[in-house]
Amino acid sequence: MTTRSKKKPPFEPGLVPAPGALLEWRDSQHFDHWQDRPCALCDQSTRLRSHAGEAVHKACAEDWIAENPVEARLGRFASDTQPKSTQSATHA
């Protein structure tokens, strides 16, 4: 019997945004298609997950970063890593 577990490996967080800035959570791993859980910050139901798998609304995480700028530098909530652009800045 084969297992269908094609679970992606943990994904790397990117930079912590500045207080008041928005998190970039575009990776589908931030969304749990199967289970709602209470947000770690507001206790309301959410399907969103941080890079560490913590259930949290993106807006709650952004508010937490704004309210805890020093602690936020430890990376509890971070944006996705962004691939470097391959386009040239100048064209002939």
* To do: Could you please find all residues in segment 67-80 being surrounded by 14 or more Cβ atoms within 10 Å (Cβ to Cβ) and either modelled with pLDDT of 95 or more or at negative phi (or both)?
  => 68, 72, 76, 77, 78, 79, 80
* Structure fact -> Taking segment 12-71 and keeping only residues that are polar (S, T, N, Q) and touching a Phe, Trp or Tyr at 6+ places or on another chain (Cβ under 7 Å), one is left with 29, 50
* What number of residues in segment 31-66 are in contact (Cβ under 8 Å) with a residue 24 or more places away in the chain and assigned to a helix (DSSP H, G or I)? -> 5
* Asked: From the residues in segment 1-21 that are surrounded by fewer than 12 Cβ atoms within 10 Å (Cβ to Cβ) and within 27 Å of residue 69 (Cβ to Cβ), which one is modelled with the lowest pLDDT?
  -> 10
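The values are calculated or read from the model by the stated rules, or taken from the named source; none is laboratory data. Treat the numbers as computed from the prediction; the structure is a model and nothing was measured. Every residue, glycine among them, receives a Cβ derived from its backbone with ideal geometry; neighbour counts consider all protein chains shown.
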